[in-house]
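*Asks:* Below is one structure. I have some questions about it.
The values are calculated or read from the model by the stated rules, or taken from the named source; none is laboratory data. Since we're looking at a predicted model, the values are computed, not measured. Virtual Cβ from ideal backbone geometry, glycine too; neighbours counted across all protein chains shown.
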Amino acid sequence: MEYAYFNPNPAQRNVGDCTVRAISKAMDQSWETSYLGIAMEGLLLFDMPSANHVWGEYLKRKGFHRELAPDGITVREFANEYPHGTYILALSGHVVCIKNGTLFDSWDSSNEIVLYFWERE
């Protein structure tokens, strides 16, 4: 597994927008486009963009499907086990992107436990 620093936030903030950053990387789109897409999904569902089901619905519309992670697997182990493809991993209180075995995040979260993941079809 490789770690690559990634923070597309225009103001270089890195607290509270991890889902936007992860989706931005996974979909090769700007932070602004990702933020607006998730916010619009929240408006359609009458819920906050940070709600898991809101950004999850956004990902479904964009061709992702959700899977439960193997019990107790870390981000590092996940990246090694799934070396090809684009994934968005939900951790406890954090969201990251893995692309072709590389962890893209604003900090090295490779020892965190993966709860579930979204895979791009």
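*Asks:* In this structure, is E77 closer than 19 Å to M1 by Cβ, within 12 Å of the chain's Cα centre (by Cα) and of a type in the set (D, E)?
*Replies:* Here the answer is no, as E77 does not meet what is asked.
*Asks:* Consider K25 against the criteria (1) more than 13 Å from the chain's Cα centre (by Cα); (2) charged (D, E, K, R); (3) modelled with pLDDT of 95 or more: it satisfies all of them except one. Which criterion is unmet?
*Replies:* Every condition holds for K25 apart from (1).
*Asks:* Restricting the search to segment 66-98, which residues are of a type outside the set (G, A, S) and not in a strand (DSSP E or B)?
*Replies:* Answer for segment 66-98, where residues must be of a type outside the set (G, A, S) and not in a strand (DSSP E or B): P70, D71, I73, V75, R76, E77, F78, N80, E81, Y82, P83, H84.
*Asks:* Of the conditions (1) in contact with a helix residue (DSSP H, G or I) (Cβ under 7 Å, 6 or more places away or on another chain); (2) on the phi < 0 side of the Ramachandran plot, G101 fails just one. Which one is it?
*Replies:* (2) is the only condition that G101 fails.
*Asks:* Scan segment 10-19 for residues that are buried (at least 19 other Cβ atoms within 10 Å of the Cβ) and assigned to a loop (DSSP other than H, G, I, E, B) and report the count.
*Replies:* 1
*Asks:* Sort out which residues of segment 48-65 are free of Cβ contacts under 8 Å to residues at least 24 places away in the same chain and not in a loop (DSSP other than H, G, I, E, B), and write them in order of number.
*Replies:* Those that are free of Cβ contacts under 8 Å to residues at least 24 places away in the same chain and not in a loop (DSSP other than H, G, I, E, B): H53, V54, E57, K60, R61.
*Asks:* Being within 18 Å of E119 (Cβ to Cβ) and either exposed (fewer than 12 other Cβ atoms within 10 Å of the Cβ) or touching a helix residue (DSSP H, G or I) at 6+ places or on another chain (Cβ under 9 Å) (or both) narrows it down to one residue among Y5, Y58, Y35, Y82; which is it?
*Replies:* Y58
*Asks:* With touching a Pro at 6+ places or on another chain (Cβ under 6 Å) and modelled with pLDDT of 95 or more as the only criterion, which of G101, G85, G37 stands out?
*Replies:* Within the list G101, G85, G37, the selection yields G101.
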